[in-house]
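Shown next, in C-alpha cells, is the structure this report addresses.
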Amino acid sequence: MLPLRPLIILLSLCLVGCAAVSTADLFVDSSLSPDTGCHQGYATDGSVHFLFDTHRILKRTNDSTWRIIGVNDKPFEGLTGFDHIGDGDYFEHILYVPVEHYSSCTNDSNAAIFLFDATTLVRTRVIDLPVAQEISGVAVLPSMRELWVSSYCDGSQLWVYNVDTFELKRTVRLSPTLSTIQGIAYHDATFYIAQNNGILQEVTVDGHTRQVFKTDSPGAHEGLDYSQEELRWLIDEGLGEQKIHFLVSTGPMIP
Ligand SMILES: [Ca+2]
Ligand SMILES: [Ca+2]
C-alpha cells in the first residue's frame, strides 16, 4: 500500500488529468457547407444530402453547390395534429423522420415517425409512438435493426424501437443525464447527441454519456449524421447561415 502523501499527490494528478480529458475536444470543426435553408436536421446516404426543415424536406447534391434536387414541402399533407419535423435518419432507401405537434415542452403531442421514400421524398407511412415523449431525433442502429429515439424535453433516456415493427424494445437511461437534445447519430458502436447549447455528447449503447466537443459557433445546434469519418452537424446561426459543420476526429481516444 502507498504511503498517504504520495497517494494524495497521485490522486490529485489524476483528478487534474481526468478533468482535462473529460472536457477536451475530440473533434475539430474542419469545414462548412453552403447555406442549406433548413433548421432542424441532416442525414445522408453517402452520396446526397437530406435536410430537414420544420415544415419541409430537401435533397441536395453532394458537390460544392449543394443544388436542390428534391423537395417535399407538404410533409403533413392530409393529416391533422402535426406541425414539426425533427432530425431524421436514412436507412435502406427510406428516411425515418420524427414528427409531432410542438409549441413547447408543456405543449406538445402526437409523437410519430414518418417514413419518406429517399428517392422521391414521397411520404409512405405514418407510425404513431404513444409510448414516446416529445420527440426530437432518430437514428438507426443497422446491425440490430433498431430505431433509437431522442427527446428535447426529456434528456434522461432514449427509446429503442424495432425499425421494422416499431415495437418498443426498451428504454436506455442516460448517465449523466443530457439536456435539450436536438439530434442523434450512430457510428461504429457509438451514438453522438447534439445538445442545443453547442455541446456534443458521445453515448454508449448502455447509456453512458460524455462530452466530446463544444462548438464556438452561436445559434441553434440541431440535427446531425456521421458519414465518411465526418460528424456533420447542422448549426443555425440565422437566415442565410444555416450550415452543416464537418467535424473530424482529432485522433485516438485517450483512455
Ligand atoms: Ca430541433
Ligand atoms: Ca440525423
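Read the figures in this text as sums done on the coordinates, not as results from a lab. As the structure is a prediction and not an experimental result, all values here were calculated from the model. Backbone-built Cβ (ideal geometry, glycine too); neighbour counts: all protein chains shown.
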Per 5 angstrom bin, beginning at 0 and ending with the bin that holds the maximum distance, the Cα pairs of the chain fall in percents of 1, 6, 14, 18, 19, 16, 11, 6, 3, 2, 2, 1, 1, 0, 0
HN-Hα J couplings of segment 180-191 from phi, Karplus 6.51/-1.76/1.60, θ = phi - 60°, integer Hz, Gly and Pro as x?
6, 6, 9, x, 9, 9, 10, 7, 6, 6, 9, 9
Could you give each residue of segment 24-34 its phi-based ³J(HN,Hα) in whole Hz, using Karplus coefficients 6.51, -1.76, 1.60 with θ = phi - 60°, and x for Gly or Pro?
5, 6, 9, 9, 10, 7, 9, 7, 10, 7, x
Between exposed trypsin sites (Lys or Arg not before Pro) in the chain, where DSSP calls loop and at most 16 other Cβ atoms lie within 10 Å, what's the longest gap?
146-255
Charges at C-beta only: +1 for Lys and Arg, -1 for Asp and Glu. How large is the resulting dipole of the chain about its Cα centre, in Debye rounded to 20?
500
Expressed as a rounded percentage, what relative contact order does the chain have, with Cα pairs under 8 Å and six or more residues apart?
18
Kindly write out, for segment 58-63 in residue order, the coupling ³J(HN,Hα) from the Karplus curve 6.51 cos²θ - 1.76 cosθ + 1.60 (θ = phi - 60°), rounded to whole Hz, with x marking Gly and Pro.
10, 10, 10, 5, 8, 9
Net charge, Ser33 excluded, C-beta distance under 10 Å - Lys, Arg +1, Asp, Glu -1
+2
Which net charge results for the neighbourhood of Gly207, defined as the other residues with beta-carbon distances under 13 angstrom from its beta-carbon, given Lys and Arg at +1 and Asp and Glu at -1?
+1
Amide H within-cut-off set for Gly198, under 5 Å, with H built and near neighbours excluded
His221
Pop a pseudo-label 7 angstrom from the Cα along the beta-carbon direction at both His208 and Ala24 and give the gap in nm to one decimal.
1.7
C-alpha long axis of helix 4-23 to longest principal axis of the chain, angle in °
20
Of the residues Leu247, Val212, Thr177, the Cα lying farthest along the dipole of segment 161-254 towards its positive end, which is defined by charges on the beta carbon of Lys, Arg, Asp and Glu, belongs to Thr177
Under 5 Å, built H, 5+ apart or other chain: amide partners of Gly183:
Ala194
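Keeping to pairs on different chains or 8 or more places apart, tell me how many lysine pairs in the chain have Cα atoms under 26 Å apart.
Count of close lysine pairs: 4.
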If you find the alpha carbon centre of segment 120-154 and of segment 76-107, how far apart are they in angstrom?
9
Quick one: what Rg and Dmax do you get for segment 108-248 from the alpha carbons, in Å?
14.8, 41
